[in-house]
Amino acid sequence: MASRLIRLILALILLAACAAASPQDDLARERRRMVEEQVRARGVDDRRVLTAMEQVPRHSFVPEDVRGSAYDDRPLPIGEGQTISQPYIVGLMTDLLDLKPSDKVLEIGTGSGYQAAVLSRLVAHVYTIEIVKPLGEQARRTLERLGYANIHTRIGDGYKGWPEAAPFDAIIVTAAPPQVPKPLLEQLAVGGKLVAPVGSSWQDLTVYTRQRDGSFHKDTVLPVRFVPMTGEAQKNGKKR
C-alpha cells in the first residue's frame, strides 16, 4: 500500500513538472520546426545562422494578437503599417551576409527587433536604425528586456547610415529602397556585403560586395516583396 502511494505521489510530481515546463518546451519545439522545415529545408544551411534562429524567441517580437502565428512561415503585422519578415527571408538574408564572430553589422529598419536579435547571436556588435519612432522604442524595450546587450539602437532615417560607427563589415536593409543609398555603400568595409531588397512595388533581393578598388560586385538572388524604405530614400527615388 505504501509503495503504491509513493508511486502515485511520484507520478503526480512528474505530471506537475511536465505541465509546468510544457509551454516553453512547446515554443522551443516550434522554433526547431520553423528552422528545420522553413529555413534549412529551403537551402539555408549555415549552422551558426540556424542555431541563432533556434535561440531567439520570435514570439516575443510580435504583437500578442498574432503570437500564435509567430513560427509560421509568413510575414506578420507589427503595427504602424510594418511587418516582421517571414523566417525563411530572415534566415536567407542573414546567411547572405557571410558573418564572422568579430563583425560589426549595420541594420536599416529595426522593425520589431527580431532580425537584430538574430544578428546579435552571430557578431560582436549590431547597430540598428528605425525611422518609425513607436516601433523603434518598442524594439529597444524588447531587446533590453531579453538581454541583448550588444545591440545599439537609434531612432531616425537610415538613409545616411551610422557614419560615426563606420565602416561596417556587413549592412542589411530590411525595407526596400528604390536604389541603395550611396552613404550605405560608402560605409561598407572592403570585402563586406550589403544585402537589400531593391526596387519599388516588387523588388530583387540583392547582394553588393565591396571590392578593394572601391567598386561593388552585384548579385541578384530572388524576387521579394518588402515594405518601402521611407524618408530620404523615397524622396531621392522620385527624383530619378
### Summary
Over the chain, with neighbouring protein chains present, the accessible area per residue in Å² at probe 1.4 Å is 51
### Column: log10 I(q)/I(0), Debye, Cα scatterers of the stretch 87-240, q = 0.17 Å⁻¹
-0.94
## Note on the structure
Per its Cα gyration tensor (rounded if a/c is under 1.5, else prolate when a/b beats b/c, else oblate), the stretch 111-175 is best filed as oblate
### Query
Taking a ≥ b ≥ c as the square roots of the eigenvalues of the Cα gyration tensor of the stretch 24-171, is the shape rounded (a/c under 1.5), prolate (a/b larger than b/c) or oblate?
oblate
### Task
Compute the long axis of helix 2-33 from its Cα atoms, compare it with the longest principal axis of the Cα atoms of the chain, and write down the angle in degrees, 0 to 90, nearest 10.
10
#### Entry: Packing-based ranking, highest mean first, of 125-136, 160-171 given that Cβ atoms within 10 Å are counted
125-136, 160-171
### ³J(HN,Hα) computed for each position of the stretch 172-181 - Karplus, 6.51 cos²θ - 1.76 cosθ + 1.60, integer Hz, glycine/proline x
10, 10, 9, 9, 8, x, x, 9, 5, x
## Note on the structure
The set of residues whose placed amide H lies less than 5 Å from the amide H of Phe168, leaving out same-chain residues fewer than 5 positions away, is Leu188, Ala189
### Message
So for each of 220-226, 85-91, 114-120 I average, over its residues, the number of other beta carbons within 10 Å; can you give me the resulting order with the highest mean first?
### Response
114-120, 85-91, 220-226
## Note on the structure
Whole-percent carbon and sulfur contribution to the accessible surface of the chain (1.4 Å, no ligands, DNA or RNA) stands at 52
### Task
State the Cα centre-to-centre distance between the stretch 177-240 and the stretch 52-95 in whole Å.
23
## Note on the structure
A student applying the Cα gyration tensor rule (rounded when a/c is under 1.5; otherwise prolate if a/b is larger than b/c, oblate if not) would label the stretch 144-218 oblate
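The values are calculated or read from the model by the stated rules, or taken from the named source; none is laboratory data. Here the structure is a predicted model, which is why all the values come from computation and not from measurement. Here Cβ is always computed from backbone atoms with ideal geometry, including for glycine, and neighbour counts include all displayed protein chains. The accessibility values were calculated without ligands, DNA or RNA, using every heavy atom of the protein model including side chains. Shrake-Rupley method; radii C 1.70, N 1.55, O 1.52, S 1.80 Å.
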